[in-house]
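Below is one structure, written out as structure tokens; the observations come after it.
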Amino acid sequence: MAERVSPAASPTGAGSLLKLIREGEGSTRADLARRTGLARSTITQRLDQLQRRGLLKEVGGSESTGGRPPMLLAFNENAGLVLAADLGATHSRLAVTNLAGEVLVEERGEIEIAAGPEAVLDWVEGRFSKLLESCSRQADEVAGIGIGLPGPVEHATGLPRNPPIMPGWDGFPVPERFAGRYGVPVLVDNDVNIMALGEHWTDWREVENLLFVKVGTGIGCGIVIDRAIHRGADGAAGDIGHVRIAVDERSEDVVCSCGNLNCLEALASGGAMARQLQAAGIDARDARAVVELTRAGVPEAVQLVRHSGRLVGEVIATAVNFFNPSVIVVGGDVADAQEQLLAGIREVVYQRSLPLATRHLRIVKSPLADRAGVIGAAAMVIEHVLSLESTPLGAPRDG
Ligand SMILES: [Zn+2]
């Protein structure tokens, strides 16, 4: 049975105290008692639990108000390791991190997701072993594993669901594939959600509402509400790539991979732009080629990326009116196209959205670029295992 994602930690459990300590909201027993309203004896008991699991370290006394200075508590981010993989259609990134999400070692690799789950996950498992070896760490230090996939995933069970570019993966039990060897929680999500989480976790942790828009071979959106990923009833939230765009009547309809006409992805993705450039006699194989042509200043490519930015902006403008985020992070391969994409998005969003919704809105390019996914995969696991519900870190260690 695959490990299911556990419910949020109890608001007064050891995981919640650890969260306060991690976020700098409580570094003494008195702080924690004040913040939680828990009795000192309960605090002591919970802290003992955390200490037995190696999750706390003491960092000397604070400013004394007379008498013995209280011991300051801090999170021991080296109490465990996380294995993270962001698997794309053809490129992947893997990392080993500590429990603060600091990357100890990482690498990029080339593998076709279409090779199927057995071949791809064998490869991932092999790379994980090599990465652990390269930083002289052991498999029994691993506290959890996070995997991002380039297709829809039922997050609660970690099963891919009808992923269009991943033959053989539908319903494949990805968590079980790793759980046997490591005996730790294995969390799986789609690439856009983990990228959104990576961006939020790294630079925008104080921001409550954020959208992450990925423009690459396809187009997708990750939604952060109240500082958590919003997946929707069936995990389909944020699928802006298949919103229909109104095209003028002189243009020919474009059939999307989903079978509908004139979806945003069919008109404005890196893949769509490559096809349009090819039709104009310009050699552009894929989204990356479009970015290279734009950087080289090829006018047709520059105009096309700018135009795509405006189309993406139209859909985002609607989302801004509806959802009122304070930050929109734009990532994916095409975001690297010389600010042209971002400029097109900004142009339309600030024009079309309500002034109240854009008054404090920031639209920025992803600073993490192609590392957002692997950092987000690690963050997803860290938040889960440190909630201490049904994880190895939640059970006292023997000896
Ligand atoms: Zn579509």
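Numbers at a glance
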item: The chain, Rg to Rh (Cα coordinates; Rh as Kirkwood inverse mean 1/r); result: 1.02
item: Heavy-atom surface of region 249-399, accessible at 1.4 Å and reported per residue (Å²); result: 47 Å²
item: The chain - percent of accessible surface contributed by carbon and sulfur, probe 1.4 Å; result: 49 percent
item: The chain, dipole about Cα centre (Lys/Arg Cβ +1, Asp/Glu Cβ -1), debye to the nearest 20; result: 1220 debye
item: Vicinal HN-Hα couplings computed from phi for region 222-234 (Karplus, 6.51 cos²θ - 1.76 cosθ + 1.60; Hz; Gly/Pro x); result: x, 10, 10, 10, 6, 6, 9, 5, 9, 9, x, 4, 10
item: Whole-Å semi-axes of the ellipsoid equivalent to region 331-391 (Cα gyration tensor, √5λ, descending); result: 32, 18, 7
item: Candidates per chymotrypsin sites (Phe, Trp or Tyr not before Pro) in region 135-209, loop by DSSP, up to 11 other Cβ within 10 Å; result: none
item: Cβ-Cβ FRET estimate between Thr90 and Thr28, R0 fixed at 45 Å, reported to 0.05; result: 0.35
item: 222 nm mean residue ellipticity, helices alone, for the chain (DSSP H n ≥ 4; -39,500 (n - 2.57); rounded to 500); result: -11500 deg cm²/dmol
item: Sites Phe323 and Arg285, calculated FRET efficiency, Cβ-Cβ separation with R0 51 Å, nearest 0.05; result: 0.90
item: Accessible area of region 160-246 divided out per residue, in Å², using a probe of 1.4 angstrom; result: 42 Å²
item: Centroid-to-centroid separation of region 276-318 and region 141-176 [C-alpha atoms, Å]; result: 31 Å
item: Value of Rg/Rh across region 175-320 [Cα atoms, Kirkwood radius]; result: 1.05
item: Calculated from backbone phi, Karplus (6.51, -1.76, 1.60) coupling profile of region 135-140 in Hz, x at Gly/Pro; result: 10, 6, 10, 10, 4, 6
item: For region 280-399, size of Cβ-based charge dipole, Lys and Arg +1, Asp and Glu -1, in debye; result: 420 debye
item: Estimated distance in nm for a label pair at Asp234 and Ala296, the labels positioned 7 Å out from Cα along Cα-to-Cβ; result: 4.3 nm
item: Estimated dipole of region 118-224 in Debye, rounded to 20 [Cβ of Lys and Arg +1, of Asp and Glu -1, Cα centre]; result: 160 debye
item: Positive dipole terminus of region 329-376, leading residue within Gln338, Gly373, Leu354 (C-beta point charges); result: Leu354
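The values are calculated or read from the model by the stated rules, or taken from the named source; none is laboratory data. Since this is a predicted model, take the numbers as computed values, not measurements. Positions of Cβ are backbone-derived with ideal geometry, glycine not excepted, and every protein chain shown enters the neighbour counts. Note: accessible area is taken over every heavy atom of the protein model, side chains too, but ligands, DNA and RNA are not part of it. Shrake-Rupley method; radii C 1.70, N 1.55, O 1.52, S 1.80 Å.
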